[in-house]
1. Suppose we keep only residues that are out of contact with any helix residue (DSSP H, G or I) (no Cβ under 6 Å at 6 or more places or on another chain) and within 19 Å of B:Ile6 (Cβ to Cβ) within segment B:24-36. Which one would you say is farthest from the other protein chains (Cβ to nearest Cβ)?
2. Give me a count of the residues in segment A:105-143 that are under 27 Å from A:Tyr39 (Cα atoms) and part of a loop (DSSP other than H, G, I, E, B).
3. Considering every residue within segment A:86-104, establish whether at least one is part of a helix (DSSP H, G or I) and closer than 21 Å to A:Phe10 by Cβ.
4. Given the condition at pLDDT 80 or above, surrounded by 12 or more Cβ atoms within 10 Å (Cβ to Cβ) and away from chain B (no Cβ under 14 Å), answer yes or no: does some residue in segment A:12-30 qualify?
5. Any residue in segment B:14-23 that is within 17 Å of A:Asn2 (Cα to Cα) and either within 13 Å of another protein chain (Cβ to nearest Cβ) or at pLDDT 90 or above (or both)?
6. Please go through (1) modelled with pLDDT of 90 or more; (2) within 13 Å of chain A (Cβ to nearest Cβ) for B:Thr57 and return the number of the only condition it doesn't satisfy.
7. Please count how many residues of segment A:60-108 are modelled with pLDDT under 85 and of a type in the set (D, E, K, R).
8. Residues of segment A:101-143 being of a type outside the set (Gly, Ala, Ser), more than 22 Å from the chain's Cα centre (by Cα) and within 14 Å of another protein chain (Cβ to nearest Cβ), which ones?
Amino acid sequence: MNRLQKSAWFNLVVVTGVFPIAALGLFLMARTNAKGIDYLIIFLVFGSLAGLGGYLLLRKKGFEAGFDEREKTIYKRAFEWATIALMLFLCCACIIPFFVLGGGNSVRVLYLPVIFLSTLWVGQFVHSAAVLIQCALEAEDEQ
Amino acid sequence: MSNNRISNQIRRLRFENGEMTQQQLADKAGVTRQTIIAIEAGKYAPSLTLAFRIARTFGVKVEDVFRYENEDA
């Protein structure tokens, strides 16, 4: 397994692992029905912790720094696929409720961060999956 | 529609250079073995920089390693 595949597996595991935690956080915040400055403080605390954790992990691994040019090409192609998937998901998440509920209805504010986090998750998931698929196809060609 | 392809002599040059392994060439060129495999199989066209690095590893000119082929020509 090369560095690119390791990076993709790492991202896949981290993103898949982080998503339920983020969903739980949102659920708890929605239950407490905090507003304004309360939300901001919670976001700042969790955001700082996530940023610090991410920095420590990435500084130690230094994944993308070691990619060669072919791996960067695979990475960029996967990024294109992820962008398309992300846009499709975002489009569906915003347009489908409009058709289902109608223009005169309203949506709970809670769904806005849910849509945001889900979009990020879809993008990262498709990116990692696309990298792994391309590497697997190349490995198949080698045999 | 034109069908352009870059052929290469890497396999032959490796054997002419003391049966150099793909891993050894990859280490000298500063890429992964998978990249050398992909280039050798004609599945990936390297950048100009990498092409020069590979040629320099063998001590030959770039055009001795890579050849541009246009099937329409």
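1. Only one residue fits best here, namely B:Gln34.
2. Counting residues in segment A:105-143 that are under 27 Å from A:Tyr39 (Cα atoms) and part of a loop (DSSP other than H, G, I, E, B) gives 6.
3. Yes, some residue in segment A:86-104 is part of a helix (DSSP H, G or I) and closer than 21 Å to A:Phe10 by Cβ.
4. So far as segment A:12-30 goes, yes, one or more of its residues are at pLDDT 80 or above, surrounded by 12 or more Cβ atoms within 10 Å (Cβ to Cβ) and away from chain B (no Cβ under 14 Å).
5. Yes, segment B:14-23 has at least one match.
6. (2)
7. Adding up the residues that qualify gives 5.
8. A:Leu137, A:Glu138, A:Glu140, A:Asp141, A:Glu142, A:Gln143
The values are calculated or read from the model by the stated rules, or taken from the named source; none is laboratory data. Quick caveat: nothing in here was measured; it's all calculated off a predicted structure. Methodologically, a virtual Cβ is constructed for each residue, glycine included, from the backbone with ideal geometry; neighbour enumeration extends over all protein chains shown.
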